[in-house]
1. Quick one: check the C-alpha center-to-center distance for region A:194-271 versus region A:7-68, whole angstrom.
2. Can you give me the distance in nm between label points at residue A:292 and residue B:18, each placed 7 Å from the Cα along the Cα-to-Cβ direction?
3. Setting aside same-chain residues fewer than 8 positions from residue A:247, which lysines have a Cα under 26 Å from its Cα?
4. Using 1/(1 + (r/R0)^6) with R0 = 41 angstrom and r between the beta carbons of residue A:188 and residue A:215, what's the FRET efficiency to the nearest 0.05?
5. How do B:248-261, A:285-298, A:173-186, B:180-193 rank on mean C-beta neighbours within 10 Å, highest first?
6. Taking every pair of alpha-carbon atoms in chain B, give the share separated by more than 32 Å as a whole percent.
7. Please report the base-10 log of the normalised intensity I(q)/I(0) for region B:8-64, using a Debye sum with one equal scatterer per alpha carbon and no solvent, at each q in 0.15, 0.31 (1/Å).
8. Once neighbouring chains are kept in place and the probe is 1.4 Å, which whole percent of the accessible area of region A:1-45 is contributed by carbon and sulfur?
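The values are calculated or read from the model by the stated rules, or taken from the named source; none is laboratory data. Model, not experiment: these values are computed from the prediction. In this analysis, Cβ positions are derived from the backbone assuming ideal geometry, glycine residues included, and neighbour counts consider all displayed protein chains. Just the protein is used for accessible areas: all its heavy atoms, side chains included, with ligands, DNA and RNA removed. Shrake-Rupley method; radii C 1.70, N 1.55, O 1.52, S 1.80 Å.
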Amino acid sequence: MSGILIIAEQRRGELRPATLEMVSAAQSARRSAGERVAVALLADEPQRLIPGVSVAGVDEIVTVQTAARDFDPDALEAAVGALIEARRPALVLVPHSIDSFGYAAALAAKGNYGFATDVFRIGYEGDALLATRGGYGQKVNVEVDFPGRAVVVLAMRGNMFKPPEGRATPAVSHFAAPPARARVTGLEFIEPTASDDIDMTSAEFILAIGRGIGEQANVARFQELARALGAVLGCSRPIADAGWLPKSRQIGQSGKTASACKLYVAMGISGAIQHLAGMKHVSTIVAVNADAGASIFSIATYGIVADIFEIADALRAHFPH
Amino acid sequence: MKVLVAVKQVASLDEDFEIRADGKDVEADFLLRDLNEWDDYSLEEAVKIREAATTPVEVVAVCIGPDDADEALRKCLAKGADRAIRVWDDAMLGSDSIAIARVIAAVARREQPGLLFAGVQSADHAFASTGIAVAAFLDWPHAAVITQLAYTPGAAHAVVRRELEGGVLHEMRIDCPAVLTIQLGINTPRYASLRSIKQAAAKPIEVLAHADLGIADSEVGEGGSLSRVRRMYVPEKGRAQMIEGSIEEQAARLAQLIEERAGGAA
């Protein structure tokens, strides 16, 4: 048994960027130059997605037509399970994404496959496949193995592998998906309401606040500070969930990505992985936190261990207008 | 009708900590325990269903873990759970999220809930897999990362919204009984009153071993798991360059960085 099978992710007919990252992850996990990498496209019109995965590092594309266009956990589980049983790849890669949260564990549990999630490194020791993930809020790394498992399913963390650059013309084959029970039916997609006219994705300088601000009454201080600094005020999830700032200001996996940001000043944000997903790529990150052990210091460019209110006041004095 | 809420007693690390001699976990003395943040929301969602219901609803909290996990269950009882079950025995050491899910599924078979909630993930190891694996063992419909739920006890289906990347919501109809993994922000969890904390301390917690649920020894622990921890280690220190000094000195350096990197904007 050999070969690596990548389960592409699409949403509303568009490939998700995690798909190509997995192609690079697969390259890092190949045991020999001859080990083949196949990408499975599961969609109502999978052939439309072929050009998007015709990239260097892909040997084969498998199209699997699904009944529904939108995510259906039972359909995915049945189709991917049947594909794995038909091909018995040594390694199956899925993105560690909201969609895979919804079916990958069920797939692995039913198939008795080796399984790990949020994996950011794949390696081998002898014949043993090793997957590395974080633990205790990313403060430690955990290496797991899969004794006795012929098939291992790994959900790969996003933004860890650069997508391949070259194009290729992989062979295309088809696989007939088994019928799935209709127990979960997609009704509609709802775009986040624009409760605010700010577009966080275009902001170049973001001052972001988190749980460390303590209470709602303190939001105004940081709003004023952001104005004086010329920054756009953003926040981590707890601030938006509490309704202290609109959801449109939230940076992170379920919020906005700070795509255009060049300077990110995080105050009182401990650095949950979901928040980091929206900002860790920013070239200059300054983290201010009273807790020297906060996870955000592991990805920040500069760190300040101090009371955020004292720093805020002292910083404000440097910007007199 | 019952709602079964699967909760976890999570651990966070003390500022200084040591890795265990076998290199597979942190020494227990350095772990600070608490109820998983996500589970606070799923418990609240279950209690809200009971409060809005016109028919009797029982909220049952279940936790897989050793004695000290009772603390998490007491918290659930104080916040409105009617009953608490804890499952543990030494054979379950080394269980991954899938083996844990098998045990929760066995509890669900006994309790026959109309809905089963789990947190999207746990704050400590963030597998994001236990709840959906429970659904696999039960062969129940499932949906993950739910931020909105419309359900009437006894109804044949529920309407849920799952929260996707970027904040887009996907509304789905799901047949019941079902397993839902609950996302932060679905509600505002209540605080337990002193009175309810006192009352919770006196409530019984049912304690079971895996064999009580008809689970074989080979189905728990490392043998019943799909992965095994081989090594835990502290990664190389992050790249943050620390700005030291007094508050004024730190703020002055930060102001300088802002002038340099965002000078045009300020």
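1. 35
2. For residue A:292 paired with residue B:18, the spin-label model returns 1.9 nm.
3. A:256, A:262, A:280, B:48
4. 0.65
5. Order by mean packing, descending: A:285-298, B:180-193, B:248-261, A:173-186.
6. 33
7. -0.60, -1.17
8. The value for region A:1-45 is 45 percent carbon and sulfur by accessible area.
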